[in-house]
Amino acid sequence: MNTEAAVPERDRSSAADEAEPEERSRSVVLRAALARSVPLWWAEWRRTILLALAAVAALLLVSTFVVQPFQVPSGSMEGTLRIGDRVLVDKLAYRFGGTPRRGDVIVFDGEGSFTQGGGTDFVKRVIGVGGDRVTCCDPQGRLLVNGHPLEETYLYPGDTPSRVPFDIVVPDGRLWVMGDHRDDSRDSRDHLGDPGGGTVPVGKVIGRAFAIGWPVGHWTRLRRPAAFAAIPAPAGAHG
C-alpha cells in the first residue's frame, strides 16, 4: 500500500489559479511598456508615412517600366528642346509590336553606334526607318526621303537641313536620326564611317519623348510633324 500522502485535487487547482492573475498582470505590464516605447510621432504620422512610401514605390515602378524623365544635355535639338529641359519618355511606345516612326523624337542608347564604349543616352529625331533611302540634298537644299522632299519646319532658325552630303539606304531594324539644330548636332551624319553606317538599332531605343515636363513654362507636347505623313513607302531595293 502506498503510504505517501496524496495532495488533494482542490489544492493543486487552487495553486494554478493563484498563478494566473500574476501572469496576466505581467502581460499587461509588458504591453504597456511596449506602447510607451513606440514614439508618439510614429503613432500620429504612421498612415501618412506609409502612404508616402507607397507613392514612392509606385513612382519608381512607373519610371522603370512606363514613363521616365530624361534631361536634355545639349543644344542639338534646339529649338524643339532646350538644354536642361526634361522630356517625358514613353518606354512602352515601341513595345508589343510598336516601332519608331519617321518624325518621332526618341531617346536611345548610343553604345555600338554613336559611341564605342560606355553607353550614353541620346535624344534625336527619326528621319528614316528600315528600307528608307535618305539623301542630302535636292537643288532646293532639302532632304529627300524615298525621293520625296522633306519640309522641315522644326529646324533651328537659320540652319540648313545638312551641310554634309550623304545618300544612304537605312538597313532593316535600324534608324537614321538627326538633331533639329543641324549646325550643332552630332548625329547619324557624323557616324557614316562607324559600324552601322550612322544608323541606330531599333533595339537600342529606350522610348519616345512625348512631352516636355520641365520647366513648367516650357511644357509642350512633342507631336510628329505633319510633313512626314507625305513620305511614300520605300520602293524597290533603294527606296
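Every read-out reported here was derived from the displayed coordinates using simple, explicitly stated rules and does not represent laboratory data. Being a predicted model, the structure only gives us computed values, none of them experimental. Glycine also receives a Cβ, built like all others from the backbone with ideal geometry; neighbour counts cover every protein chain displayed.
Points to keep in mind about this one:
- Label zone at ALA229, where the point sits 7 Å out along the Cα-to-Cβ direction: region 96-122 residues whose backbone N lies under 15 Å: 102-104
- Close amide H pairs (under 5 Å, H built 1.01 Å from N) link LYS91 with VAL67, GLN68, residues at least 5 positions away or on another chain.
- Using a simple spin-label model with pseudo-atoms 7 Å out from Cα toward Cβ, GLN68 and GLU111 lie 1.2 nm apart.
- Relative packing of peptides 172-185, 141-154 - highest average C-beta neighbours within 10 Å first: 172-185, 141-154
- Each label point was placed 7 Å from the Cα along the Cα-to-Cβ direction; for ARG86 and ASP184 their separation is 2.2 nm.
- Within region 127-177, all pairs of alpha-carbon atoms sorted by distance into 5 Å bins from zero give the percentages 5, 22, 29, 25, 14, 5, 1.
- Between region 163-203 and region 66-108, the alpha-carbon center distance in angstrom: 17
- Pairs of Cα atoms farther than 25 Å apart, region 88-221, %: 24
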